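K.L.:
Sharing a structure with you now.
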């Protein structure tokens, strides 16, 4: 009985389950011609590899290499944006279709969140105390 309680506790702690629901290609476009894309590999060996890019019309404005990895039994999101210094964000919430990563020491963002609803992916980044929130609604690329 107490093994069941331990298993339930471990399953509820952040950082235990890779977000396999994030795998695939995701895109969003605005009426003004701006676009954002994210691509994630399925989890394997404790790692998901991602990439993102954004622009307007045919011009690239921004890109980043990303990964979600299991390190020391906990998930973390690491990003290397447009050639800048990399930063990692430990998972603070892991649910069946939502994951939140936070790093209060990072300049911006401090919080990165993903939530999946059917074929839609909602992404949000914000600064300290929820300031400068940016949100995207992506659709799954078929």
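A short reminder: the numbers here are calculations on the coordinates, not readings from a lab. Source: prediction; values computed, not measured. Positions of Cβ are backbone-derived with ideal geometry, glycine not excepted, and every protein chain shown enters the neighbour counts.
K.L.:
Output yes when any residue across segment 92-102 is in contact with a strand residue (DSSP E or B) (Cβ under 8 Å, 6 or more places away or on another chain), surrounded by 17 or more Cβ atoms within 10 Å (Cβ to Cβ) and over 18 Å from residue 17 (Cβ atoms), and no when none is.
P.N.:
No, there is no match, as no residue in segment 92-102 is in contact with a strand residue (DSSP E or B) (Cβ under 8 Å, 6 or more places away or on another chain), surrounded by 17 or more Cβ atoms within 10 Å (Cβ to Cβ) and over 18 Å from residue 17 (Cβ atoms).
K.L.:
Of all residues being exposed (fewer than 15 other Cβ atoms within 10 Å of the Cβ) and touching a residue at least 12 places away in the same chain (Cβ under 8 Å) in segment 36-50, which is farthest from the chain's Cα centre (by Cα)? Just the residue, please.
P.N.:
In this case the residue turns out to be 46.
K.L.:
Being over 16 Å from residue 26 (Cα atoms) and surrounded by 14 or more Cβ atoms within 10 Å (Cβ to Cβ) is the filter here, so list the residues in segment 113-142 that pass it.
P.N.:
Within segment 113-142, 125, 126, 127 meet the criteria.
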